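Everything on this sheet refers to the single structure shown next.
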Ligand SMILES: [Zn+2]
């Protein structure tokens, strides 16, 4: 790479396209391509500018990359900043797409492809900025720990969670982190854009409901029918109106939205406030309360045989501080004849929207977009942050993107025709570059 002038955003679009072209579809427990090729690509891009990295594999092909970037000029007395992105993507059905999902095509000013917003965009920003700085000898303020993980889309078991369990030394000395899902803009009006910085995420409780009853002939009376008991429990859970539990991040977000749209915030009418947000309400609406959705049902094998057991799956999510209430409510709703077992339980994560790092986000956004206002928000899903949080790292979703007002950005996540504007990528790289100088 020969560089005449320092341009941290120069390579971001091409790196993003190249990364999309490496298919890293994550099919969960089924076999997929894995992340090895993508990890080697990242390692080569870093190696080319003199940054050594290490590959870690939880199993063959499920590869994460860790690099310690501590060039001359960093302040060695400040703890490293963890900058992380996952390499895997959810699968894409090519028939549904307007362009082949792993082509990295540019069309209508956007890079199209699986991973364009989740999250090869941010990986590309990080690599573009770090490479430009390394070549030009422009040090970040503090040491940077770069971590690109496997398996985020299947719960991070073979990526971030595995790293924390087996190689905690790769991350343990970091105190703060930036990664997905946040930093994108929400246009309020021409001279005001909210940039949503993720400061919290809900916890997860995947449950199996189990009803045991008395098996028997379907033609006879049966007061102990497992299907009937289970169906009642599922219906009660599915139709339960969980009370609003407004967390600190959610309150701050709603206040910022009320202020931006110049509407009165009435906590009892918070749903009203949300409707002003358009498509983003789908994501943010779920963060007003705990949720529990029935997702699978199973019982029986023949029309005239009452089975002895019936089961159902529940996807439960609880707000920070809401875990105890979640499980107590589930116990009440299922009644005496149904029990539950926990298939997967992951804690919620929450940090404060304050301090030097947050001020750096705000000032760097403002430097590139004079209409920017950073606001915290609580995300309904989970990310690798759940793993880093176990080591006490403060995690922020901050992958800056200045987006056009009419783009259904939330719909892009795991969606058909996932795409990101090229100028948003370049914007993000410039903000990130400023951020590394001061963070
Ligand atoms: Zn993601």
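Bear in mind these aren't lab numbers, they're just calculated from the coordinates by the rules spelled out. Computed from a predicted structure; not experimentally measured. Cβ coordinates were reconstructed from backbone atoms using ideal geometry, including for glycine residues, and neighbour counts include every protein chain displayed.
Between helix 422-438 and the chain, what is the angle of the helix's C-alpha long axis to the longest principal axis, kept within 0 to 90° and rounded to the nearest 10?
The helix 422-438 is inclined about 70 degrees to the chain.
Using Cα atoms only, what is the angle between the long axis of helix 226-239 and the major principal axis of the chain, expressed in degrees (0 to 90) to the nearest 10?
Roughly 40 degrees between the two axes.
For residue 359 and residue 339, what is the calculated FRET efficiency with R₀ set at 30 Å and r taken between the beta-carbons, to the nearest 0.05?
Numbers: r = 49 Å, r/R0 = 1.64.
That gives a FRET efficiency of 0.05.
What is the extension gain from residue 303 to residue 263, computed as 0.36 nm multiplied by their sequence separation minus the C-alpha to C-alpha distance, in nm to one decimal?
On the way: separation 40, 0.36 × 40 = 14.40 nm, distance 5.64 nm.
Contour length minus Cα-Cα distance gives 8.8 nm.
By how many nm would the segment from residue 366 to residue 78 grow when fully extended, if each residue of separation counts as 0.36 nm and the alpha-carbon distance is taken off? Intermediate values should be presented prior to the final figure.
Details: separation 288, 0.36 × 288 = 103.68 nm, distance 2.48 nm.
My answer for the length gained is 101.2 nm.
Let me see the pair-distance distribution of segment 240-375: every alpha carbon pair, 5 Å bin width, integer percents in order.
With a bin width of 5 Å, the distribution comes to 2, 8, 14, 15, 15, 13, 10, 8, 6, 4, 3, 2, 1, 0, 0.
Would you list 125, 19 from fewest to most Cβ contacts within 10 Å?
With the sparsest Cβ surroundings first, the list reads 19, 125.
Report the rotationally averaged projected area of segment 310-433 based on its alpha-carbon convex hull, in square nanometres.
Details: hull surface 44.2 nm².
Computed as one quarter of the Cα hull surface, the answer is 11.0 nm².
How would you rank 269, 350, going from fewest to most other Cβ atoms within 10 Å of each one's own Cβ? Please report the intermediate quantities before stating the final value.
Numbers: 269 11, 350 21.
Ordered by Cβ neighbours within 10 Å, fewest first: 269, 350.
If you take the Cα Rg of segment 107-207 and divide it by 2.2 N^0.38 Å, with N the number of residues, what do you get?
So the Cα radius of gyration is 1.32 times the expected 2.2 N^0.38 Å.
Mind checking the angle between helix 120-136 and the chain's longest principal axis? C-alpha axes, 0 to 90 degrees, to the nearest 10.
So the inclination is approximately 20 degrees.
Say a paramagnetic label sat at a point 7 Å from the Cα of residue 236, along Cα to Cβ; which residues of segment 320-353 have their backbone N under 11 Å from it?
Hits in segment 320-353 for residue 236 at 11 Å: 329-339.
With labels modelled as points extended 7 Å from the Cα through the Cβ direction, what inter-label distance (nm, one decimal) is found for residue 223 paired with residue 173?
A separation of 6.9 nm, rounded to one decimal place.
Calculate, for residue 408 and residue 438, the FRET efficiency according to 1/(1 + (r/R0)^6) with r their C-beta to C-beta distance and R0 30 Å; round to the nearest 0.05.
0.40
Please tell me the relative contact order of the chain in percent, rounded to the nearest whole number, where contacts are Cα pairs under 8 Å and at least six residues apart. Show your work: numbers first, answer last.
Values: 948 pairs, mean separation 107.4, N = 439.
So the answer I get is 24 percent.
Sketch the reach of a paramagnetic label on residue 7 as a point 7 Å from Cα along Cα-to-Cβ, and name the residues of segment 37-63 whose backbone nitrogen lies under 16 Å away.
none
On full extension of the chain, what length is gained from residue 54 through residue 192, given 0.36 nm per residue of separation minus the C-alpha to C-alpha distance?
45.5 nm
Return the FRET efficiency for the residue pair residue 47, residue 98: r is the Cβ-Cβ distance, R0 is 45 Å, and the value is rounded to the nearest 0.05. Please report the intermediate quantities before stating the final value.
Working: r = 36 Å, r/R0 = 0.79.
Computed FRET efficiency for residue 47 and residue 98: 0.80.
Note down the nm distance, to one decimal, between modelled labels 7 Å out along Cα→Cβ at residue 251 and at residue 37.
Roughly 5.0 nm, to one decimal.
Taking the Cα atoms of segment 89-129, what is the range of coordinates along each of the three principal axes, in descending order and whole Å?
Principal axes ranked by extent give 35, 23, 12 Å for the Cα atoms.
If you build the Cα gyration tensor of the chain and take the root of 5 times each eigenvalue, what three semi-axes come out, in whole angstrom, biggest first?
Listed largest to smallest, the semi-axes of the chain are 41, 25, 21 Å.
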